[in-house]
Structures are given as C-alpha cells and as structure tokens.
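See structure below.
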Amino acid sequence: MDRAKPKKAFRVKVHAHETHFRTAGGLHIQDITDEVNAAVADSGIKDGIACVYSPHTTCCVRVNEFESGFLEDFTTMLRKLVPSDTYYAHDDWDRRTENVCPEDMEIGNGHSHCMSMLLGSAGESIPVRDGELALGQWQRVLFLELDRERDRRWLVQVVGS
Amino acid sequence: MDRAKPKKAFRVKVHAHETHFRTAGGLHIQDITDEVNAAVADSGIKDGIACVYSPHTTCCVRVNEFESGFLEDFTTMLRKLVPSDTYYAHDDWDRRTENVCPEDMEIGNGHSHCMSMLLGSAGESIPVRDGELALGQWQRVLFLELDRERDRRWLVQVVGS
Amino acid sequence: MDRAKPKKAFRVKVHAHETHFRTAGGLHIQDITDEVNAAVADSGIKDGIACVYSPHTTCCVRVNEFESGFLEDFTTMLRKLVPSDTYYAHDDWDRRTENVCPEDMEIGNGHSHCMSMLLGSAGESIPVRDGELALGQWQRVLFLELDRERDRRWLVQVVGS
C-alpha cells in the first residue's frame, strides 16, 4: 500500500525564489549561476524545469560564458546595433508623462527597451537534472542590466518532482 | 488523515488555452496580457510556469512595455537591421513552389522570417505566482506580427499546482 | 473510490532526453523536430511543456521554417550583423589562457558567442498537447551551430501529465 505515503515521483513541486540587488548600470552583466543553483537545491526538486526570469523591461536573463573579453565584445556589438545617442520616441513620452523618476527623464532609456526586445525573451528556461541546472561546461546564468544603475530583482520558478 | 483528499500541492495541473484573431500587419504589436492572465485564472493554477507561445514562423511573443513611442522606436530599429527591400532567397522559393497564398508570392516575407529568428524564441515562459503572471510593473505580454495582416493564434500552456 | 489508483492527471511526469551528434560548422542549421517529437512520445506525457535546450555557449535551439532559401538569408544577415573578420577580445583571452583546443585558438569564436547572445535564449519552450509538440504548420525545431564543426548535444526536458 502506497496510499499513506505516495511515491515522490507523483507529486508536483513548485518552488519560487526571488533575489533583490542593485546593479552597476552601463550594460553591466552579473553572474547569478551560484544563487540560481542554490535556489534549485532549496526547492528539493530533482527533475524539472527552472524558469529564471527578469521582471524588468530593460534587463534580461541570458545563458552564456562569463568571461570579461566576451562581455566587452558583446556590449560593443550591442551599442553599435542599438546606439543610445539617437532619437527615441519613448524618451519623449517618459518626459511628457513625468511618470518616471527624474534620472530617467534626463538620461532616457529608449535604447535599453530596444536592446531588451532585440535580445529576446525576458528569461531563460533551463532543464533541472539530479537537483541541478543542466548547464554545459562554459554556461553561466547572466543577469544583463541594459539601463542605468538600478534596484532590480530576478525570479526563479522551478516546477518538477 | 488526508488520504481521501490529497493536498492540492501534490496534484499537477496542466491547462491549455488558445486564442484566434486577425492581426493588422506591418509590424503590428498587440497587448495580450489581460487575455493571458484570464487564461491563467481559468486554469486554477496558483503556482507554476506559463508558456505563452506563437505557432507561427513570422510572429513572436515578447514581454516588454506597451507604449506607442517605444513600439515606434523598436519597429524603426528592426526595419533598419532587417530591411524588407532587399533580396531574400526564401521569397524566390515561395514563388517557385507556389505553396503559399498569392499575397505572399507577390509581397514576400523572407524578411519577416529573418526578424523572427533574430528576435529569439517563439514564446515567453513566465512564472505564475498566486494565480497570476509574475510580471513586473511595466511588463506586458506582446504579440508581434512581423508579416502582413493575417489570421493568427497564440497558445498558453500552464503547468503547476 | 479513486484513492488506491489516483487519476493519471494528478501525477506529474518529468522526462529527460539527450542526443549527441557532430555538427557541420559554418552556421550549419539542423532540423531536429522528429527526434524531439520522438522524445516527447517516449515520455508518455500528453499535456505539458517541453524545454528543448542547447548546453553550449556558441549554439542555440530555435523554432522556424526549415527551408534552404530562408536559412541562406538568415545566415547572410547574421554574418552582416556580427562579422567574424573583426577583433574579439574573447579570442585573445582564449589564446592567452590556452584552455581551449588548438583549433579554437587559431580560428577564434568570439563572434559565435556574440551571435548566440544576440539570438536570445539557449533553448525553446514549446507546449505539448495530445502527446506532441504544439508546433504550427511551418514550424520546425532547429539546432543552430554558430561555431566550427564540433561534437554537440541537445536536451529535452518534458514536464506534465
């Protein structure tokens, strides 16, 4: 009889984690892999999917190598594709409506929104196996700040068994 | 004894939703947040992951701000990165095989495919918490039409408990 | 009484699949749809989410049409946006640290990393319905090699019931 103690594999587990921090701004990229893996370990979930998510419109979570040369190459490329020193209608709107903070009205973050849409989805979904993110040898989970220095947070939602 | 009525947390729920609509074409971006949240509410799932998905090769689902200035900035940038007035081998193929509708053979949508691949994944995975999408203050779920005016649909698949 | 034999819908299933292969290099794109669908069928999962994932930093998994004209258009566009014949600080780092294989030190793959970050997330999450990927008519699951010819693998993680 396994009714009193159902098999672990039949139970779905959902685990929610959230980290708050302050970014450095200026296309700063932070390695959050260890914290995400710690959240996965806390969840007790052995097999499933982890959704690592940025709830901000001018940030995103990406998986790649955390190596300073590459990060420099990448930010150079991104600034070339989406220059900040051009006109953005979004910055006019922010100034007109005044519903953003004074720093944003002055500097503008229209280019940060465009960068974020170009880079793709807000988060990354990563398989969880044997209680860990199934990352490849060089893969790290990165939080990309595409805007100025700000208070930010990222979420992990793990679903599995 | 909780055997007769197992704890809700142990049951996995999977909910499937689909919306059909006609897009406006010409890089039209539509805010579908309220409908996606309604589908999440219908699911009865309190905690999990929602996968909002475009089953089309020249559309995608993205999360960002729904503000007309930004949408104008973004479409201007995208048209510059992926111009429509250049040669696309895909358009030749469509014309040669004649297995697309006459409008497509005339106008061509090679650039729409390239835009869609550049923008990234077909859908967005978003954490569900307390029965709602865990969107940030400015985040909205957007359906991007990168092709002409067409009949389209988007899916939400919610998995959790 | 359904206590002794709980309803199938209440059980969560998690299925892990992995395929190893050698890519052709040179922005080679491979259609892996049939193998991914076979893995979904093997899982016995009827409704859920499939996360198809590349554990490599210079590859990604994308969903789009598998048509040679389009693939030619796309790789032409990508090479223009992220040229390989320019300086990449990452290549210097690889050469300096000597912790990559000789081919990488000679050719360099800084541009491959940049392409991969630009294209977005490492994988794609796709709804599973009636035991199959809920792909649209023209959608195929594609594995993109952005680097030279290499040994690679892709993962599928299916969660559902």
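Couple of notes before you dig in:
- Verdict on C:ILE107 being touching a residue at least 12 places away in the same chain (Cβ under 8 Å) and at the interface with another protein chain (Cβ under 8 Å from one of its Cβ atoms): no
- So C:GLU132, is it under 30 Å from B:ILE126 (Cβ atoms) and open to solvent by 60 Å² or more (accessible area, probe 1.4 Å): yes
- When restricted to residues that are open to solvent by 10 Å² or more (accessible area, probe 1.4 Å) and in contact with a helix residue (DSSP H, G or I) (Cβ under 9 Å, 6 or more places away or on another chain), the stretch B:37-54 contains 2.
- Matching entry among A:HIS113, A:HIS20, A:HIS28 (being within 13 Å of chain B (Cβ to nearest Cβ) and surrounded by 14 or more Cβ atoms within 10 Å (Cβ to Cβ)): A:HIS113
Per-residue answers, yes or no, for (1) free of Cβ contacts under 8 Å to residues at least 12 places away in the same chain; (2) more than 30 Å from A:VAL158 (Cβ to Cβ); (3) hydrophobic (A, V, I, L, M, F, W, C):
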position	(1), (2), (3)
C:ILE49	no, no, yes
C:THR75	no, yes, no
C:SER84	no, yes, no
C:ARG96	yes, yes, no
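- Some residue of the stretch A:116-129 being away from chain B (no Cβ under 14 Å), at pLDDT 95 or above and open to solvent by 10 Å² or more (accessible area, probe 1.4 Å): yes
- Selection status of A:VAL159, out of contact with any Lys or Arg (no Cβ under 6 Å at 6 or more places or on another chain), within 9 Å of chain B (Cβ to nearest Cβ) and in a strand (DSSP E or B): yes
- The residues of the stretch C:81-95 that are facing another protein chain (nearest Cβ under 9 Å) and open to solvent by 80 Å² or more (accessible area, probe 1.4 Å) amount to a single one, C:TYR87.
- Within the stretch B:136-149, the residues that satisfy the criterion of being surrounded by fewer than 20 Cβ atoms within 10 Å (Cβ to Cβ) and touching a Gly at 6+ places or on another chain (Cβ under 8 Å) are B:ARG148, B:GLU149.
- Selection of the stretch A:55-75 for residues being more than 7 Å from every other protein chain (Cβ to nearest Cβ), in a helix (DSSP H, G or I) and open to solvent by less than 50 Å² (accessible area, probe 1.4 Å) yields A:LEU71, A:THR75.
The values are calculated or read from the model by the stated rules, or taken from the named source; none is laboratory data. In this text the structure is predicted, and so the values were computed from the model without any measurement. Using ideal geometry, Cβ is built from the backbone for each residue, glycine included, and neighbour counts are taken over all protein chains shown. Quick note on the areas: whole protein, heavy atoms, side chains included, nothing else; ligands and nucleic acids left out. Shrake-Rupley method; radii C 1.70, N 1.55, O 1.52, S 1.80 Å.
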